[in-house]
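Engineer: My questions will all concern the structure given below.
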């Protein structure tokens with residue numbers, strides 16, 4: 001009964017709104033078609049104060065909308081095979097961890113991708129040696145420019 005009332009109210013409201021300039025491009029048949037599709041899918045507001053649509057309040061009563069993927073079937077299969085090979089799939093226990101987290105020795109190590117090139121690393125190392133910003137070869141935990149400040153006094157330290 002409430003659904004019939006809601007549908008009637010929506011039809012009347014859509015008829016009133018259809019006369020506005022925003023809906024000037026729609027025909028009466030298009031509005032009726034869209035309204036019937038919205039009612040069928042539960043994409044109309046409920047009669048209570050929740051502000052939710054009927055398909056949000058009662059999801060079991062309405063068909064679910066399917067998500068469309070931009071990946072092909074072959075790409076999805078390749079992604080799944082890669083995840084299984086690397087152990088990047090959830091385990092069956094309650095831990096919520098992936099298999100490569102639970103059993104790291106069974107899977108290849110994860111490669112970390114860096115945005116720094118080899119030449120940039122080399123240049124950074126040369127600069128650190130020049131300024132003494134490298135660890136000393138002892139148990140002090142200090143850098144060379146801290147142990148020998150006179151040797152590195154004319155270079156800037158970080």
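The values are calculated or read from the model by the stated rules, or taken from the named source; none is laboratory data. Nothing here was measured: the structure is a model prediction, and the numbers come from that model. Every residue, glycine among them, receives a Cβ derived from its backbone with ideal geometry; neighbour counts consider all protein chains shown.
Engineer: Go over the candidates 50, 124, 95, 119 one by one and state the one that is in a loop (DSSP other than H, G, I, E, B) and not assigned by TED's automatic domain parsing to the domain that holds residue 38.
Structural biologist: None of the others qualify; the one that does is 95.
Engineer: Give the number of residues within segment 57-92 that are closer than 24 Å to residue 32 by Cβ and either in contact with a strand residue (DSSP E or B) (Cβ under 8 Å, 6 or more places away or on another chain) or in a helix (DSSP H, G or I) (or both).
Structural biologist: Number satisfying all stated conditions: 1.
Engineer: Another one. Identify, please: which residue in segment 45-78 is surrounded by 12 or more Cβ atoms within 10 Å (Cβ to Cβ) and under 23 Å from the mean Cα position of the chain (by Cα) and is, among those, nearest to residue 111 (Cα to Cα)?
Structural biologist: 78
Engineer: Let me spell it out: the conditions are (1) modelled with pLDDT of 90 or more; (2) more than 41 Å from the chain's Cα centre (by Cα); (3) exposed (fewer than 12 other Cβ atoms within 10 Å of the Cβ), and residue 126 meets all of them except one. Which number is the exception?
Structural biologist: (2)
Engineer: Could you list, in sequence order, all residues of segment 12-47 that are in a helix (DSSP H, G or I) and at pLDDT below 80?
Structural biologist: Narrowing segment 12-47 to residues in a helix (DSSP H, G or I): 12-18, 21-23, 28-41.
Passing the criteria: 12, 13, 14, 15, 16, 17, 18, 21, 22, 23.
Engineer: Looking only at segment 136-157, filter to residues that are outside any helix (DSSP H, G or I) and surrounded by 13 or more Cβ atoms within 10 Å (Cβ to Cβ); which one of those is nearest to the chain's Cα centre (by Cα)?
Structural biologist: Filtering segment 136-157 for residues outside any helix (DSSP H, G or I) gives 136-143, 148-157.
If we keep only those that are surrounded by 13 or more Cβ atoms within 10 Å (Cβ to Cβ) as well, we get 136, 143, 148, 152.
On the way: 136: 44, 143: 42, 148: 50, 152: 48 Å.
If we take residues in segment 136-157 being outside any helix (DSSP H, G or I) and surrounded by 13 or more Cβ atoms within 10 Å (Cβ to Cβ), then 143 is nearest to the chain's Cα centre (by Cα).
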